[in-house]
Amino acid sequence: MTTLVVQIVIQQWDKAQRSEADVKAREARANRLPVREPNARYLFDHQVVLDQHGDDVMGNRIRYELTDNGRFIIDRFRFDLSNKTLEYIAQPDSMLPTEPVADMREGWVQCRYHWRYKVYEGGLHYWLYENITVNAGFADSVQQNMFTRSDPVRIFED
């Protein structure tokens, strides 16, 4: 049985952290890391490993589910565990069609996108910006160096 390994790396910042030094610091951070505990954990009877890294300013940032038809949905991505395919969900909670990203039988993929949220905290509104990187691949056995030993077969950016 193969396991879907999903590594998500989140970088979050607000308007006060947009200086050149802040930008360089974010660019210097790795977007591929070793897969190991405590960040990596098995889900859904060992069908999925979720390896989460980075910022979560608001708490509970990552939402995921396994549907009855064997699709793992995390953030803006839908993985078909049977067909080993990946689709991008451009607008969550909309009726827009998904965008095919990759057939994952040939190796692992890296997906990157940027987003922002309007946050209300302490009586003030502000923007919370983020860069999201999702590294994903199927494996017969989970290896710590799964994402660091080789380059992805596909890089998807939105």
Query raised in the report: Between the range 10-44 and the range 137-151, what is the C-alpha centre distance in whole Å?
Result: 19 Å
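How big is the charge dipole of the chain about its Cα centre, in debye rounded to the nearest 20, if each Lys and Arg gets +1 on its Cβ and each Asp and Glu gets -1 on its Cβ?
Result for the chain is approximately 300 debye, rounded to the nearest 20.
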Requested in this report: Just grab the label-to-label distance for Asn39 and Tyr126, each label 7 Å out from Cα along the Cβ direction, in nm (one decimal).
Outcome: 2.5 nm
**Report entry** Sequence-separation-based contact order of the range 62-106, relative, with Cα cut under 8 Å and 6+ spacing, percent
**Finding:** 25 percent
Requested in this report: Starting from the eigenvalues of the Cα gyration tensor, five times each then square-rooted, give me the equivalent ellipsoid semi-axes of the chain, largest first, whole Å.
Outcome: 27, 19, 15
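Report relative contact order for the chain in percent, whole number only (criteria: Cα-Cα under 8 Å, sequence separation at least 6). Please report the intermediate quantities before stating the final value.
On the way: 287 pairs, mean separation 48.7, N = 158.
Relative contact order comes out at 31 percent.
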Query raised in the report: Among Asn39, Leu124, Phe156, whose Cα sits farthest toward the positive end of the charge dipole of the range 13-158 (+1 at Cβ of Lys/Arg, -1 at Cβ of Asp/Glu, about the Cα centre)?
Result: Leu124
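In terms of the ratio Rg/(2.2 N^0.38 Å) built on C-alpha atoms, what value belongs to the range 53-120?
Values: Rg = 13.5 Å, N = 68, 2.2 N^0.38 = 10.9 Å.
The range 53-120 yields a ratio of 1.23.
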Query raised in the report: For the range 50-138, what relative contact order do you get, as a whole percent, if you take Cα pairs closer than 8 Å and at least 6 residues apart?
Result: 16 percent
Query raised in the report: Which of these, Met95, Met104, Met146, has the largest mean-square fluctuation under a Gaussian network model of the chain (Cα springs below 10 Å)?
Result: Met95
Requested in this report: Specify the residue with the greatest mean-square fluctuation among Arg61, Arg41, Arg76, computed from a Gaussian network of the chain linking alpha-carbon atoms under 10 Å apart.
Outcome: Arg61
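Quick note: the coordinates plus some simple rules give every number you see, no bench work behind them. Only a predicted model underlies this, so the values are computations on that prediction, with no experimental measurement involved. Every residue, glycine among them, receives a Cβ derived from its backbone with ideal geometry; neighbour counts consider all protein chains shown.
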